[in-house]
Amino acid sequence: MAVEPLAHLDTGGDSPAIVFIHGMTFSKQTWDPIVDRLRDRFRCLAIDLPGHGGSTGSGADPRAVVARIHATVLANAVVRPVVVGHSAGALHATAYAAAHATAGALNVDQPLRVG
């Protein structure tokens, strides 16, 4: 069964890729000010998590969310991105980096000890 990629913005280009993952109740537009500053030096993919912005579905299953992030990365022929996540999106970025080849992961404003 194919995994559906998420709605996203892709600035294109051959530069190293950065995948931006927003927090809960936000959308890929959260990253617009950062993407605007980086788009000439990096390929930026800003995604909408399931149930946010242009992405359908539920974000209740973290493994399924990571699978959809990976489907988006693969659909855009990105290899070893840096993944950046904010708040709850940082948990997805960390889980993505644990499961898939990345050049790095950045966790913004989310402690990994959520318990």
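I'm checking my understanding of the structure. Among residues of the stretch 1-32 that are β-branched (V, I, T) and outside any loop (DSSP other than H, G, I, E, B), which one is nearest to A88 (Cα to Cα)? Reasoning before the result, please.
So in the stretch 1-32, the residues β-branched (V, I, T) come out as 3, 11, 18-19, 21, 25, 30.
Imposing the further condition that a residue be outside any loop (DSSP other than H, G, I, E, B) reduces the set to 18-19, 21, 30.
Details: I18: 18, V19: 15, I21: 9, T30: 13 Å.
The selected residue is I21.
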Give just the number: which of (1) touching a helix residue (DSSP H, G or I) at 6+ places or on another chain (Cβ under 9 Å); (2) free of Cβ contacts under 8 Å to residues at least 24 places away in the same chain does V84 not satisfy?
(2)
Return the pairs, sorted by first residue and then second, in which the second residue is assigned to a loop (DSSP other than H, G, I, E, B), the first residue lies in the stretch 1-25 and is within 18 Å of A67 (Cβ to Cβ), the beta carbons are less than 6 Å apart, and the residues are 6+ apart or on different chains.
L6/D48; L6/S55; A7/D48; A7/G53; A7/G54; A7/S55; V19/P81
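Being in a loop (DSSP other than H, G, I, E, B), within 19 Å of A105 (Cα to Cα), aliphatic (A, V, I, L, M) and open to solvent by less than 80 Å² (accessible area, probe 1.4 Å) narrows it down to one residue among V78, V35, V73, V66; which is it? Give the steps one after another, and end with the answer.
Working: V35 fails: in a loop (DSSP other than H, G, I, E, B); V73 fails: in a loop (DSSP other than H, G, I, E, B); V66 fails: in a loop (DSSP other than H, G, I, E, B).
From the options V78, V35, V73, V66, the qualifying one is V78.
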Filter result for G54 (in contact (Cβ under 8 Å) with a residue 24 or more places away in the chain, open to solvent by 40 Å² or more (accessible area, probe 1.4 Å) and in a loop (DSSP other than H, G, I, E, B)):
yes
Which members of the stretch 81-115 meet the condition of being open to solvent by less than 50 Å² (accessible area, probe 1.4 Å), assigned to a loop (DSSP other than H, G, I, E, B) and either modelled with pLDDT under 95 or over 23 Å from A2 (Cβ atoms) (or both)?
S87, Q110
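The values are calculated or read from the model by the stated rules, or taken from the named source; none is laboratory data. Not measured: the values here are computed from a predicted model. Every residue, glycine among them, receives a Cβ derived from its backbone with ideal geometry; neighbour counts consider all protein chains shown. Accessible surface areas use protein heavy atoms only, side chains included; no ligands, DNA or RNA. Shrake-Rupley method; radii C 1.70, N 1.55, O 1.52, S 1.80 Å.
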